[in-house]
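Below you'll find the structure, written out as structure tokens, and then a few comments.
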Amino acid sequence: MAEILHFTVPQEYDGKPAKFFLKGYCSLSTRMITSLKRETAGILSNGKILRTVDPVYAGQTVEIRLPEEESPYIEPVAGALDIVYEDSFLLIVNKPPYMPVHPVKQYQTDTLANRVVAYSREKGERYVFRALNRLDRNTSGLVMICKDRFTVNKLKNRVHKTYLALVHGKMENSGTICAPIGLRPDSKIRRHVLAEGAPAVTHYRVLYSNNEYSLLRIWLETGRTHQIRCHMASLGHPLLGDDLYGGSTERIKRQALHCAQMRFVHPVSGEEITVCADTFFQDDNQKG
């Protein structure tokens, strides 16, 4: 069933063409607007079709009917989901470690996507699996799935994520790591700090430390692959369990990294929402 959204035109868009309102205020992409124009009642106002060249006026209500989408085939596989938030637009789950987010060559059925597809079909919903953030297979924590393209466009780069990490050694001072990251020439996976790499900024706060390890709260300004793992290793404090970056697997067999909190403004209601994942550094289901 198509989702219907209602927007009221604010004063700053009074008299402007509808396309500026749809893109600037409703956060619809050009591609989505084009798709809506193909629908019989994709964009309406007062029960009539609203063209993108038509002016809109303050206080006017615009109705957007989000089209149903065909999802690329992902095999539905029933399994437990730790759901921390869900509504008509979003599903946020606490992903366990040792589970990929998307199907890949070596993991076709035991992924978060497989379970979400099965869960959505049980509820009678069909939507494209769109994970707004991607966690490594061995990283646990919050993953946000957007149920339509509108929600993706509205929330992209607007979700503040906080991570918890256990690193080797005693860290006493909080700080910021501003160091570009690039792929090591001798690896297809491992990154390192590289002058000509992509800009990367990591903030961290020490929550607890002893001579053996430190517990950190981490948040990012950029989202580079392996950013936290690479940056902490560059300081000489690799994550526990992260043997790719020099960490020991004696106490935990996977990197001790957990996406613990998300804060965002709901794309439709405008409500400020904070969700948390309490499960922290579990080390069960050790596969591979």
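The values are calculated or read from the model by the stated rules, or taken from the named source; none is laboratory data. Being a predicted model, the structure only gives us computed values, none of them experimental. So basically every Cβ, Gly included, is an ideal-geometry build from the backbone, and we count neighbours across all protein chains shown.
When you scan the stretch 128-138, do you find a residue that is more than 25 Å from LEU239 (Cα to Cα), in a loop (DSSP other than H, G, I, E, B) and in contact (Cβ under 8 Å) with a residue 40 or more places away in the chain, even just one?
First pass over the stretch 128-138, keeping only residues more than 25 Å from LEU239 (Cα to Cα): 128-130.
Now drop any that are not in a loop (DSSP other than H, G, I, E, B), which leaves 128-129.
Going one step further and asking which of them are in contact (Cβ under 8 Å) with a residue 40 or more places away in the chain, we end up with 128-129.
Yes.
Scan the stretch 214-236 for residues that are over 22 Å from the mean Cα position of the chain (by Cα) and crowded, with 20+ Cβ neighbours inside 10 Å and jot them down. Working first, answer last.
As a first pass, look at the stretch 214-236 and keep what is over 22 Å from the mean Cα position of the chain (by Cα): 214-215, 233-236.
Hits for the stretch 214-236 are SER214, ALA233.
Would you call GLY241 at pLDDT 95 or above, under 22 Å from VAL143 (Cα atoms), assigned to a loop (DSSP other than H, G, I, E, B) and under 24 Å from the mean Cα position of the chain (by Cα)? Reasoning before the result, please.
Details: at pLDDT 95 or above: yes; under 22 Å from VAL143 (Cα atoms): yes; assigned to a loop (DSSP other than H, G, I, E, B): yes; under 24 Å from the mean Cα position of the chain (by Cα): yes.
Taking the combined requirement at face value, the residue satisfies it.
Scan the stretch 1-30 residue by residue and report those that are touching a residue at least 24 places away in the same chain (Cβ under 8 Å) and out of contact with any strand residue (DSSP E or B) (no Cβ under 8 Å at 6 or more places or on another chain). Before the answer, list the steps.
Filtering the stretch 1-30 for residues touching a residue at least 24 places away in the same chain (Cβ under 8 Å) gives 1-11, 13-19, 21-22, 26-29.
Those that are touching a residue at least 24 places away in the same chain (Cβ under 8 Å) and out of contact with any strand residue (DSSP E or B) (no Cβ under 8 Å at 6 or more places or on another chain): MET1, PRO10, GLN11, TYR13, ASP14, LYS19, SER27, SER29.
Looking at VAL143, is it part of a strand (DSSP E or B), under 21 Å from the mean Cα position of the chain (by Cα), within 21 Å of HIS258 (Cα to Cα) and assigned by TED's automatic domain parsing to the domain that holds PHE89?
Details: part of a strand (DSSP E or B): yes; under 21 Å from the mean Cα position of the chain (by Cα): yes; within 21 Å of HIS258 (Cα to Cα): yes; assigned by TED's automatic domain parsing to the domain that holds PHE89: yes.
Against the criterion (part of a strand (DSSP E or B), under 21 Å from the mean Cα position of the chain (by Cα), within 21 Å of HIS258 (Cα to Cα) and assigned by TED's automatic domain parsing to the domain that holds PHE89), VAL143 qualifies.
Would you check which residues across the stretch 88-121 are in a strand (DSSP E or B), surrounded by 15 or more Cβ atoms within 10 Å (Cβ to Cβ) and more than 14 Å from the chain's Cα centre (by Cα) and list them?
Going residue by residue through the stretch 88-121, those that are in a strand (DSSP E or B) are 90-95, 104, 107.
The next check asks that each one be surrounded by 15 or more Cβ atoms within 10 Å (Cβ to Cβ); those that pass are 90-95, 107.
Correct list: TYR107 only.
Among the residues of the stretch 163-175, write down those that are in a strand (DSSP E or B) and more than 10 Å from TYR204 (Cα to Cα). Break it down into steps so the answer makes sense when it comes.
Pass one, the stretch 163-175, residues in a strand (DSSP E or B): 163-168, 175.
Hits for the stretch 163-175 are LEU166, VAL167, HIS168.
From the list ARG263, ARG229, exactly one residue is modelled with pLDDT of 95 or more, part of a helix (DSSP H, G or I) and not hydrophobic (A, V, I, L, M, F, W, C). Which is it?
Step by step, each of ARG263, ARG229 is checked, and only ARG229 is modelled with pLDDT of 95 or more, part of a helix (DSSP H, G or I) and not hydrophobic (A, V, I, L, M, F, W, C).
Within the stretch 148-159, does at least one residue satisfy the condition of being touching a residue at least 24 places away in the same chain (Cβ under 8 Å), surrounded by fewer than 14 Cβ atoms within 10 Å (Cβ to Cβ) and not small (Gly, Ala, Ser)? Quick ask: steps written out before the conclusion?
Kept after step one, since they are touching a residue at least 24 places away in the same chain (Cβ under 8 Å), are these residues of the stretch 148-159: 148-151, 153-156, 158-159.
Retained after the next criterion (residues that are surrounded by fewer than 14 Cβ atoms within 10 Å (Cβ to Cβ)): 156, 158.
Checking the rest, the ones that are also not small (Gly, Ala, Ser) come to 156, 158.
Yes, some residue in the stretch 148-159 is touching a residue at least 24 places away in the same chain (Cβ under 8 Å), surrounded by fewer than 14 Cβ atoms within 10 Å (Cβ to Cβ) and not small (Gly, Ala, Ser).
For the stretch 61-87, what are the residues that are in a loop (DSSP other than H, G, I, E, B) and touching a Phe, Trp or Tyr at 6+ places or on another chain (Cβ under 9 Å)? I'd like the intermediate steps shown before the answer.
Looking only at the stretch 61-87, we keep the residues that are in a loop (DSSP other than H, G, I, E, B), and these are 67-82, 87.
Correct list: GLU68, GLU69, SER71, PRO72, ILE74, PRO76, ALA78, GLY79, LEU81.
Filter the stretch 11-29 down to the residues that are within 22 Å of the chain's Cα centre (by Cα) and charged (D, E, K, R) and list them by number.
Passing the criteria: only LYS23.
Quick check on GLY182: is it part of a strand (DSSP E or B), touching a residue at least 60 places away in the same chain (Cβ under 8 Å) and small (Gly, Ala, Ser)? Step through it out loud before you land on a result.
On the way: part of a strand (DSSP E or B): yes; touching a residue at least 60 places away in the same chain (Cβ under 8 Å): no; small (Gly, Ala, Ser): yes.
For GLY182, the condition - part of a strand (DSSP E or B), touching a residue at least 60 places away in the same chain (Cβ under 8 Å) and small (Gly, Ala, Ser) - is not met.
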